[in-house]
Each structure stands twice: as C-alpha cells, then as structure tokens.
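Notes follow the structure.
Please treat every number below as a calculation from the coordinates, not as lab data. Fair warning: this is a prediction, and the values are worked out from it, not measured in the lab. Here Cβ is always computed from backbone atoms with ideal geometry, including for glycine, and neighbour counts include all displayed protein chains.
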Amino acid sequence: MSDKSSNLTKKISRPKILTLMRLTDMLVIFISGYLANILYISNQISLSASNNLDYFYMEILMALGAVLTFGFFNIYSIQDIRNTLKHGLHIITAWTVIFGLLATYLFLNKSGVEFSRVWFISWFIVGFAAIMITRLIYRKLFNKWLKQGRLERRAIVVGGGKAAEDLIKAVNSSSEGEVKILGTFDDRYDERSPDVVAGLPKLGQISDLVKFAREADIDLLLISLPVSAETRLLHLLKKLWVLPVDIRISALQSKLRFRPRSYSYIGKVPVLDLFDRPLSDWDSIAKNIEDRVIALFALILLSPIMAIVAAAVKLDSPGPVIFKQKRYGFNNEMIMVYKFRSMRNDQEDKTADKLVTKGDPRVTKVGKFIRKTSLDELPQLLNVLTGQLSLVGPRPHAVQAKADNRLYGEVVDSYFARHKVKPGITGWAQINGWRGETDTEEKIQQRVEHDLYYIEEWSVFFDLYILAMTPFSLLNTKNAY
C-alpha cells in the first residue's frame with residue numbers, strides 16, 4: 001500500500017464522529033430522564049400506565065429537541081469541545097434554554113400538574129452531568145486522534161511571501177493540531193515568494209493546485225491574498241471553486257475591517273468564508289442514510305423487473321448482461337458504473353467516444369426499449385449501496401463524452417464543479433428535460449447549470465421531490481435513444 005493510501009485509511013470522518021456524538025446525546029438525555037422517572041418518582045407515587053406513557057413520550061421528544069437545539073449553539077464543533085470551560089458554558093446555556101422552553105410549554109398547556117417537579121429538576125441536573133461526562137470522554141479521544149493525525153484537516157495556502165508566512169505561523173500556533181498545512185501554491189517565482197515559507201515547501205503554481213488538492217485529499221484552502229487584490233482573487237476563485245473543499249480568505253493582515261460576526265475562525269485566525277464544502281457534516285450523513293435506505297427498498301421491490309430485463313438482454317444478443325463503464329465520480333475520481341447492456345457486445349464503446357444517436361445500429365432491440373425507459377440504469381442501485389453513487393445528483397458522465405465533438409470540460413468552464421458531490425442515478429437536470437443525447441453545446445450547458453443549482457440548493461426534501469418526479473420525466477423520451 002502506498003503512503004498516500006495508508007494515510008487516508010487512518011483518517012476519521014468528522015461528519016461520522018459528530019453524528020455519533022449526536023446519537024450519544026440523544027441516548028444520554030433519554031436515559032437520564034427515564035432513570036429520574038423510574039428510580040425516584042415511581043418509588044414515591046403511584047403512576048397510571050397512561051401517565052407513565054406521557055413521561056416516556058416527553059423524554060423522547062426532549063432527546064430529539066435537545067440535539068436540534070445544541071446545533072444552534074455550535075455545540076457540535078471539535079474545536080469547541082476541546083475547550084472544556086467554554087464548551088461547558090455553551091452546554092449549560094443550551095440545556096437551560098431547552099428546559100425553559102419545556103417549562104413554558106407545560107405552563108401554557110396547563111399540563112404542569114401531570115409531571116413531577118422533582119423529576120423535572122432531577123432530570124436537569126443528572127442530564128447535564130451525564131452530557132459533560134460523555135464530552136470529557138470525547139475530548140480525550142479527539143486529543144488522541146489529533147496527535148495521531150487522524151482527525152486533522154489537511155490544508156494548503158494559496159499565496160506566498162510574508163503574508164503566507166504569518167498565516168502559517170498563526171494557524172500552527174492556535175489550531176492545536178486541528179489543521180495541518182502541507183505547503184503553499186503561488187505563481188510568483190522571485191524574492192516575494194521563496195521556495196520555503198515558514199518551513200513549508202512551495203508545492204507548485206496555481207495551475208497545479210486543483211490536481212494536487214484532489215490527489216492529496218485536501219479539506220481546506222487558505223488564501224493569503226488581500227481582499228483588495230480583486231482581479232487576482234477572482235482569477236483564483238474561477239479555478240478553485242470546482243473543488244469540494246472549504247475556501248477561506250485570511251483576514252490576518254487585511255486593512256479592511258468588518259464586523260466581528262462577519263468572520264469565522266481557524267484557531268484564532270480570522271477568515272472570510274468564500275465557499276463551503278457541499279453536503280458537509282450532518283448533511284452528508286443524512287444523504288448517505290437516505291441513499292442506502294431507499295436504494296435497498298428499491299432493489300427489493302424492483303428485483304422481479306430487473307430479473308426480467310436481465311433475461312431479455314441475455315436472450316436478445318450474446319454477451320454479458322451487465323455493462324461496466326468508467327465514469328467521473330465525486331471529486332473527479334474514476335468509478336465503475338453498472339448498467340444493463342443495451343449495445344451489441346462486439347460494438348460497445350467503453351469510453352463513450354461516440355455517443356448513441358437516434359437509430360444507432362449498435363443498439364439492440366431490447367436495448368432500445370430499456371434505454372428509452374431508463375431500465376438500463378437499475379443496476380446502478382448497487383453503486384448506490386456501495387457508496388459510489390447517490391440516488392440523486394449530477395449524472396455521471398463517461399470520460400470521453402462530447403458535445404458537438406468537444407469534451408464536456410472544454411465546452412463549459414464550470415463543468416468539473418458538478419463533481420463536488422457524488423453523481424446520481426437521477427437529478428434536477430433529468431426531471432427538467434435535459435436527459436439523453438448531448439449533441440449540442442447548449443444541452444451540456446443546461447445540464448451543468450441545473451446540476452450546480454441542485455448542489456447549492458440541496459436538501460432531503462429536494463431529493464425526495466426529484467425522486468417523486470423522476471417517473472413522470474421518463475415519459476419524455478424525446479432525447480433518449
């Protein structure tokens with residue numbers, strides 16, 4: 001195994017560990033309320049079955065509501081968790097707000113007499129103590145993983161010279177190991193931008209940065225240019241925004257001063273947020289759950305249809321039932337996408353160098369039908385289960401796919417920005433009529449515009465809407481050959 005592969009396997013997913021923390025909070029809050037009920041109240045007074053059930057429902061609702069409220073108080077932040085005093089103040093504030101809202105609800109609903117005040121106060125105290133104990137455990141784990149480099153955010157600095165040096169030193173001294181800067185990228189090769197800055201090497205020019213960021217699994221780009229360098233900044237962003245990373249401008253030496261709330265912080269370094277990684281933290285977990293659950297049910301429900309299609313493909317022409325093709329996946333990685341074979345086995349085009357057109361002699365009789373109805377895409381549910389595809393997202397395109405004899409990336413400047421998220425079986429472009437053949441530049445431009453809109457506006461409900469509309473969009477077979 002290469003050093004790169006070995007390093008990547010050691011990394012711990014921040015979204016996954018923070019999701020685990022949310023689940024821990026839900027469990028701890030529920031159990032502390034339940035135990036306060038069982039161990040004290042049940043020994044003091046006789047509770048009816050319905051009253052016991054009311055306590056049970058309240059404990060579940062509080063566990064769910066608390067986790068949602070904690071999110072507003074920035075409690076699920078590794079940097080915040082590592083500062084025990086600050087984090088404790090955040091938790092007690094949020095915890096007090098939650099119980100204050102509960103007390104207000106019980107008062108306005110005139111149901112306060114149905115719940116014990118002793119239970120209420122005991123839950124408040126025991127719940128807070130239990131949450132803080134779990135936080136100390138997580139804090140110890142985070143510190144251990146950060147020392148091992150398993151939880152760090154990998155970063156590179158764009159720019160050089162004194163500004164980059166000050167930025168690197170400030171981040172290294174205040175981020176407590178959360179951010180690891182690998183080096184700098186700068187187009188200048190003179191005294192203003194030496195080959196080594198703050199002990200870190202210059203890794204290349206800006207033109208080399210996108211490729212490096214994809215291969216090195218970069219999480220964060222820090223731009224050390226002043227906001228006043230507008231022309232140079234716009235030139236940089238036009239190249240860099242296609243990456244699925246957080247992009248920040250350092251405000252460390254900026255002469256422009258904004259309101260404190262305009263800044264976010266990396267350690268103690270103020271930065272201006274330009275772009276955020278799409279589907280980060282909880283969003284990525286929610287989408288993964290959505291993909292796996294729906295794909296599993298879809299496979300079970302559609303398995304009879306898939307069996308019939310497989311048999312028809314096999315009987316119609318010699319060759320394998322499944323066609324495999326390399327396509328662009330998340331962050332431009334190559335993935336193997338599965339489809340039911342729709343072309344003659346001896347005339348398959350693995351790279352899609354020549355797109356299928358109307359009346360294409362390479363397509364079999366069964367192939368024409370399954371392509372028009374998109375039944376050939378059903379094996380991609382397996383790609384969803386393995387995590388290579390999503391149910392909804394920009395469609396994965398073949399490497400050599402062209403529009404008007406030009407590669408897609410040559411036609412649309414922002415084409416590769418659609419790879420900031422996993423590709424999908426269906427998408428916003430498809431339900432708006434932009435599916436099938438891309439014989440003109442307008443068609444691929446429209447696809448990309450719709451894909452980028454989807455990435456910016458993503459939500460679980462947006463996904464569910466697209467999934468619900470997909471069967472209706474398949475009725476339009478105008479460009480499906």
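Amide H to amide H, with H built 1.01 Å from N, A403 comes under 5 Å of Y408, counting only residues 5 or more places away or on other chains. Between the residues L452, L301, P15, the greatest Cα displacement towards the positive end of the dipole of the chain, with unit charges on the Cβ of Lys, Arg, Asp and Glu, is found for P15. Take every DSSP beta bridge whose two residues both sit in region 153-275; close to 40 percent of them are antiparallel. The length gained by stretching the chain between M469 and I137 to full extension, at 0.36 nm per residue less their Cα-Cα distance, is 114.9 nm. In whole percent, what relative contact order does the chain give with Cα contacts below 8 Å and a gap of six or more residues? Relative contact order here is 11 percent. If R0 equals 51 Å, the separation of the Cβ atoms of T93 and Y189 corresponds to a calculated FRET efficiency of about 0.50. Ordering Y57, Y263, Y408, Y138 from the fewest to the most neighbouring beta carbons within 10 Å gives Y57, Y263, Y138, Y408. Residues whose amide H comes within less than 5 Å of that of G393, counting only those at least five positions distant or on another chain, are G424, I425, T426, G427, W428 (H built at 1.01 Å from N in the peptide plane).
Using 0.36 nm per residue and subtracting the Cα-Cα separation, the extra length available between Y453 and T231 on full extension is 77.4 nm.
Take the Cα of K326, step 7 Å toward its Cβ, do the same at N109, and the gap between the two points is 5.9 nm. Shape class of region 352-413 from the Cα gyration tensor (axes a ≥ b ≥ c, square roots of the eigenvalues): oblate, since a/c reaches 1.5 or more and a/b does not exceed b/c. A Förster distance of 35 Å, applied to the separation of the beta-carbon atoms of F462 and L101, puts the FRET efficiency at 0.75. Phi angles across region 194-202 convert, under the Karplus curve 6.51 cos²θ - 1.76 cosθ + 1.60 with θ = phi - 60°, into 3J(HN,Hα) values of x, 6, 10, 10, 6, x, 10, x, 7 Hz, Gly and Pro given as x.
The Cα atoms of region 188-252 cover 32, 28, 21 Å along the three principal axes, with the biggest extent listed first.
Of all beta bridges that DSSP places with both ends in the chain, some 55 percent have antiparallel geometry. Derived scalar couplings between HN and Hα for region 94-106 equal 5, 5, 5, 4, 4, 6, x, 5, 5, 4, 4, 4, 5 Hz in order, rounded to whole Hz, by the Karplus curve 6.51 cos²θ - 1.76 cosθ + 1.60 (θ = phi - 60°), x for Gly and Pro. Taking amide H positions as placed in the peptide plane 1.01 Å from N, state which residues far from G183 in sequence (5 or more) or on other chains have amide H under 5 Å from it. Those qualifying (amide H under 5 Å, at least 5 residues apart or on another chain) are V157. Once you have a ≥ b ≥ c as the square roots of the Cα gyration tensor eigenvalues for the chain, tell me rounded if a/c is under 1.5, and otherwise prolate or oblate according to whether a/b is larger than b/c. The shape class here is oblate.
Helical content alone sets the calculated 222 nm signal of the chain at -16500 deg cm²/dmol, taking -39,500 (n - 2.57) per DSSP H segment of four or more residues and averaging over every residue.
Sorting the segments 66-76, 457-467 by their mean number of nearby beta carbons within 10 angstrom, highest to lowest, gives 66-76, 457-467. Classify region 153-275 from the C-alpha gyration tensor, please: rounded if a/c falls under 1.5, else prolate or oblate depending on whether a/b exceeds b/c. Rounded, because the longest to shortest axis ratio a/c is under 1.5. With the simple spin-label model, which puts each label point 7 Å out from Cα in the Cβ direction, the I289 to L27 separation comes to 1.5 nm. Per the Debye formula on identical point scatterers at the alpha carbon atoms of region 282-473, with no solvent, log10 I(q)/I(0) at q = 0.12, 0.13 Å⁻¹ is -0.57, -0.68.
Using 0.36 nm per residue, how much length does the chain from L407 to Y263 gain when fully extended, once their Cα-Cα distance is taken away? Here the answer is 47.9 nm.
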